[in-house]
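Report on the structure given below.
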Amino acid sequence: MSGDLGPGGRPAVTTSTARPEGGGRTAPGSSPAPARQWPILLVISGAVIGLVVTAAGAFRAGVVVVGFALLVGGALRWGMQSVGMLAVRSRFTDVITYGILGVAIILLALMAQPDPLIRIPFLEDIIHFSVR
């Protein structure tokens, strides 16, 4: 396969890619697959629970649970050396992405009409401007 060169003398097929920092297994290889990927399963489970609560009629509570699931993902990515498939990019990028999305989802859920629990004037202006 090392002789298969594409245009420009580059390999025709990528033979290896670097895994994200922390992208190793979280449990030994002898463990079953779900045990090796428990961090992402925890975050996905939290998001699914939030979506089920939202579908059951408690919009604000369900969306806040989804936001907290993302914040838990960010905390796991920051605090653990190996998080399996929860590691998508570099540690810094993952933590910032999970954190910003989690906080934004929670803030928007708390600002949702009717009867918002918090008021953030500049965010209200942005939302009203984009909806018009």
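Quick notes on this structure:
- The tail of the calculated P(r) for segment 32-131 beyond 17 Å holds 57 percent of all Cα-Cα pairs.
- Using the Cβ-Cβ distance between residue 80 and residue 104 with R0 = 25 Å, the FRET efficiency computed as 1/(1 + (r/R0)^6) comes to roughly 0.60.
- Each residue of segment 90-102 was assigned a 3J(HN,Hα) from its phi angle through the Karplus curve 6.51 cos²θ - 1.76 cosθ + 1.60 (θ = phi - 60°); the sequence is 5, 4, 4, 5, 4, 4, 5, 5, 4, x, 5, 5, x Hz, with glycine and proline shown as x.
- Between 48, 76, 111, the Cα set farthest toward the positive side of the dipole of segment 32-131 (charges on each charged residue's Cβ, about the Cα centre) is that of 76.
- Ordering of 114-125, 46-57, 61-72 by packing is 61-72, 46-57, 114-125, highest average first (other Cβ atoms within 10 Å, averaged per residue).
- Relative contact order %, segment 47-104, counting alpha carbon pairs below 8 Å whose residues are six or more apart: 32 percent
- Taking a point 7 Å out from the Cα of residue 49 in the direction of its Cβ, the residues of segment 76-118 whose backbone N falls within less than 16 Å of it are 76.
Since every read-out is calculated from the coordinates, none of them should be taken as a lab result. Quick caveat: nothing in here was measured; it's all calculated off a predicted structure. So basically every Cβ, Gly included, is an ideal-geometry build from the backbone, and we count neighbours across all protein chains shown.
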